[in-house]
Amino acid sequence: MKDVYILGVESSCDETSISIVKNGSVEIATTVLTQMDTHAMYGGVVPEIASRMHTENITLVLEDLLSKTDLSVSDMDAIAVCYAPGLLGSLLVGIEFAKTLALVYNKPLIKVHHIAGHIYANNLVKEIKFPTLALVVSGGHTELVRMDDDYSFKVLGTTLDDAIGECFDKVARVLDLKYPGGPNIEKLAKLGKNTYNLPIPMNNNELNFSFSGLKSAVINLVHNEKQRGNIINKEDLACSFQTIAVDELIRKTKLAIIKTNIKRLIVAGGVSANSYLREKLNELCNELDVDLSIPPLKYCTDNATMIACAAYPLYLKKEFTDFSLNGKSQEYFFTNK
Ligand code: KG4
Ligand code: ZN
C-alpha cells in the first residue's frame with residue numbers, strides 16, 4: 001500500500017504545533033512552539049493572548065517544520081486539525097489555517113478530537129493492538145476505557161466530579177505554585193515525604209473516580225493551617241497529595257485489568273507525564289504481566305504529532321470533514337461506541 005502522509009495542526013491551548021506523520025505512526029518532522037513562559041507571568045493561560053500568539057506564530061511554525069523535511073504540503077494526503085476541546089479562539093486559528101491549506105492544496109480535511117490525539121500518540125511507540133485498556137488522564141478527562149478496535153471506546157470508569165489534571169492544577173494554586181500546576185506539584189513532591197493524612201478518594205471497588213473530596217481536603221487543610229498561623233510543609237503536602245491521587249489511579253487500573261482480563265494498557269493525556277504515575281504503572285504492569293505503552297514525555301504534552309497519528313484511522317475510513325468545520329470549546333470525547 002502507498003505511504004500516507006498527514007500534516008497535523010494543534011492549537012487548542014498554549015502550544016502552536018504542526019507535524020508530518022507517515023502511516024499514523026512514523027514521525028517525519030514536528031515543530032512545537034510553546035507560549036508557557038508568557039502565560040506563566042499571569043498565573044494561567046490568558047485566552048486572548050493565546051489566540052493572538054497562535055495567529056502571529058502559526059505560519060512561522062509551518063516554515064520551521066518544512067525546513068526540517070524535503071516534503072512539502074503538496075506531498076500530503078490529508079490535513080488534520082484539532083477541533084475540540086480547548087480555548088475557542090485558539091482552536092479557530094488552527095482550524096482556519098488547516099482549512100486554508102486544504103483548500104489551496106486541494107487536500108481532504110480531517111477533524112481530530114484532542115483526546116483521540118493523546119490516545120493515538122501511543123502508535124508512535126508501538127502499534128496499538130486490540131483489545132486494550134486505556135487510562136486517559138488529562139486536564140478534562142479521567143477515564144478507564146476499553147478499546148476493541150480503532151475509535152471503538154467503552155468507558156468502564158470515569159470521574160464523577162473533577163478530572164485528575166484539574167485537581168493537580170487546583171492543588172498547585174492553593175500551594176502558590178506557578179502555572180502549569182501539574183509539573184510543579186511533581187517537582188515539589190520529589191523533595192517531600194508522604195506525611196499528611198488525606199482522605200482516600202472513592203474507597204470502593206467501582207471503576208469510577210472522584211477527586212473533589214481529596215482536592216477540598218487539601219484546600220481546607222491549607223486554609224485552616226494559615227488561619228492558625230501554622231507553617232505548611234509544601235513539599236510534604238505535594239508529595240502526600242500526589243501519592244494518594246496516583247495510587248487511586250493505579251488501584252482502579254488494577255481493578256479494570258482484573259475485571260476485564262485484558263493484558264494490554266495504553267496511557268494517554270497530560271498527566272501521563274507524571275514520573276510517579278509512570279513508575280507505578282510500570283510496577284503494576286510488571287506484577288500483572290500486562291503489556292504497557294506510555295508515550296515518551298515529549299508526546300504527553302500537547303503536540304501536533306499526536307493529531308496526525310489520530311487522523312490516520314479516520315483517513316483510512318475516509319472520514320473527511322468539510323469547510324463548515326467549527327471549533328468546540330467543550331466536547332466529551334467518549335460516546336461508548
Ligand atoms: O492532556 P492535557 O493537555 O489536558 C487537556 O487536554 O485537558 O493535560 C494537561 C494537564 C494539566 O492539568 C497539567 O497540570 C497536567 O496535565 N500535567 C501533569 C503533569 N504534566 C502535565 N500533572 C501531573 N504531573 C505532571 N508532570
Ligand atoms: Zn492535551
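Here are the numbers for the structure shown:
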| read-out | value |
| --- | --- |
| The chain: angle of helix 164-174 to the longest principal axis, Cα-based, in degrees nearest 10 | 60 |
| Förster radius 35 Å - calculated FRET efficiency between ILE250 and PHE320, Cβ distance, rounded to 0.05 | 0.30 |
| Descending principal axes extents, the range 1-113, alpha-carbon based, whole Å | 49, 24, 23 |
| Among VAL45, LEU88, ILE266 - extreme Cα towards positive end, dipole of the chain, charges at beta-carbon | ILE266 |
| Extended-chain gain in nm, criterion 0.36 nm per residue less alpha-carbon gap, ARG173 and LYS190 | 4.3 nm |
| Full-extension gain in nm, TYR332 to LEU103, via 0.36 nm per residue minus C-alpha separation | 79.6 nm |
| Sorted by Cβ neighbour density within 10 Å, fewest at the top, the residues MET41, MET1 | MET1, MET41 |
| Considering only the range 1-139, percent of DSSP beta bridges that pair antiparallel, nearest 5 | 60 |
| Percentage, to the nearest whole number, of Cα pairs in the range 195-274 over 14 Å apart | 69 |
| Residues MET36, MET76 arranged by fewest to most Cβ contacts within 10 Å | MET36, MET76 |
| Nearest 10 degrees, 0 to 90: helix 275-288 Cα axis against the chain principal axis | 90 |
| The chain, dipole about Cα centre (Lys/Arg Cβ +1, Asp/Glu Cβ -1), debye to the nearest 20 | 660 |
| Whole-number percent relative contact order across the chain, with pairs defined as alpha carbons under 8 Å at least 6 apart | 25 |
| Per-q log10 I(q)/I(0), the range 84-178, q = 0.12, 0.23, 0.25 Å⁻¹ (Debye; single scatterer per alpha-carbon; no solvent) | -0.57, -1.16, -1.22 |
| Residue exposure sequence - LEU314, LEU33 - by fewest surrounding Cβ within 10 Å | LEU33, LEU314 |
| Size of the chain as Cα extents on the principal axes (Å, biggest first) | 64, 47, 32 |
| Kirkwood estimate for the range 127-294, i.e. one over the average of 1/r between Cα atoms, Å | 16.3 |
| Net charge dipole size for the range 101-260 [Lys, Arg +1 and Asp, Glu -1 on Cβ; Debye, nearest 20] | 200 |
| Calculated [θ] (222 nm, deg cm²/dmol) that DSSP helices of n ≥ 4 give over the chain, each run adding -39,500 (n - 2.57) | -13500 deg cm²/dmol |
| Convex hull volume per residue in cubic angstrom - Cα atoms of the range 1-63 | 85 |
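Readers should treat all values here as calculations from the given coordinates under stated rules, not as data from a laboratory. Because the structure is a prediction, the values reported are computed rather than measured. FYI the Cβ positions are ideal-geometry reconstructions off the backbone, even for glycines, and counts take in every protein chain you see.
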